[in-house]
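Contents: one structure, followed by commentary.
The values are calculated or read from the model by the stated rules, or taken from the named source; none is laboratory data. Since the structure is predicted, the reported quantities are computational estimates derived from the model, not experimental observations. Heads up, the Cβs are rebuilt from the backbone with ideal geometry, glycines too, and the neighbour counts pull from every protein chain shown. Please note that ligands, DNA and RNA were not included when accessible areas were found on the heavy atoms of the full protein model with its side chains. Shrake-Rupley method; radii C 1.70, N 1.55, O 1.52, S 1.80 Å.
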Amino acid sequence: MKRFLLYFLCCIVADNALAQQAKQSRIPEFAKMPAENRYDSINAWYVHNVYLPPVDKSIAERSLLMMEARAYADHSNDMATKASMAFFTGHFISGFERDSARGMHYIIEAFNIAEKYSLQYEWASYTLGLGLMYRDNNKAKSLESLTRAIEVMDRVSVPNKIEVLYAKHILGTLYFHLGNYGACIQTLIPVLNGLEGRAIKIDLIQANNTVGLAYREIGDNDSALFYFRKVLASAEAKPVFPSWIGIAAGNIGSVYLKQHQLDSALIYALKNYDLVKDDPNVSGVGVAEALVLLSTVYLEQHKTDQVISLLSPAEKLITAKQIYYSYNVEYLLLKVNYILARAYHDKGDQPPRPNRRRWTG
């Protein structure tokens, strides 16, 4: 019994010591910033100190920063600080500690505080954050969250706030992947105007490219070429984005191919393939798309020998990129086989016996 009481007293002392240590923890940088829009200052602190620091920063170091910030928030009288720190704690636990259930507990806590104290901007920001978290595995849920967040942010925030523009950028990209090309264009063009001169170059490149793709899908080739050329000019002006030079060239070549301007299509298709074939940052799908585009141009020019020479090693080239089986890869390989079959037919030769092994990547 004495041992138990001693152990109990030691626990109380230890808990008090931890509480005192939490009070004396380093004050996080966001606490020194103006309290207005506390979410933004905590977001900036989280991104720069926890989410995107050098890769050699251990999980333990990041966890310590989060613990200190959380301790500060727990002792704060500012509800926006408490709510936002709960949200980013949930984000950290879900992402870095791979515990989605416990992470969601903190995210729900953030929403509850925001709703109780009518923190509309914070509520919209958390909804936006959920939209970003869902975008890879649940596009419909992501679309719903982003749309709701943007509606509230447009109402309670300053016009063209950079965070709102980024949210609309992601929303427009989601519309494209869901096949709603009109909504994609309608959402992204105002974003491009708002981001000009304020955004990282890669964001403008990606947004311009998505608009170009959407116009290509609806058959507006002139508009598609306009935006693809903007991508190419931006990528060539910034050598740190060499893969985007190839992507833009390929997209321009694909439009010229649709217009049956084969000489122009060949120039850009060759540029695309030469840039992506040996680029370690380009996926096997990217290589396959470059092969398909270039070989299709050759086929339309009745250059069957070039088609056969280019596509015969296609499977080896694609698998060398260490891609995994997916619908896109299978579809591209079917296109490769179709183009090859047409080339052999036009040449009057019999194609080699097909390899009936199931594609497994």
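Restricting the stretch 220-243 to residues that are in a helix (DSSP H, G or I) and open to solvent by 40 Å² or more (accessible area, probe 1.4 Å), the residue that is modelled with the lowest pLDDT is Pro242.
The set of residues in the stretch 307-352 being polar (S, T, N, Q), at pLDDT 65 or above and open to solvent by 80 Å² or more (accessible area, probe 1.4 Å) consists of Ser309, Asn337. Per the listing Ala114, Ala149, Ala140, the residue uniquely modelled with pLDDT of 85 or more and either assigned to a helix (DSSP H, G or I) or within 23 Å of the chain's Cα centre (by Cα) (or both) is Ala114. Checked against (1) open to solvent by 50 Å² or more (accessible area, probe 1.4 Å); (2) under 23 Å from Leu192 (Cα atoms), Ile150 passes all but condition (1).
Candidates in the stretch 197-219 are the residues that are of a type in the set (A, V, I, L, M) and crowded, with 16+ Cβ neighbours inside 10 Å; of these, the one that is modelled with the lowest pLDDT is Ala199. Considering the conditions (1) more than 23 Å from Leu275 (Cβ to Cβ); (2) open to solvent by 30 Å² or more (accessible area, probe 1.4 Å); (3) hydrophobic (A, V, I, L, M, F, W, C), Ala183 is excluded by exactly one of them, (2).
For the stretch 259-280, a tally of residues being free of Cβ contacts under 8 Å to residues at least 12 places away in the same chain and of a type in the set (Phe, Trp, Tyr) returns 0.
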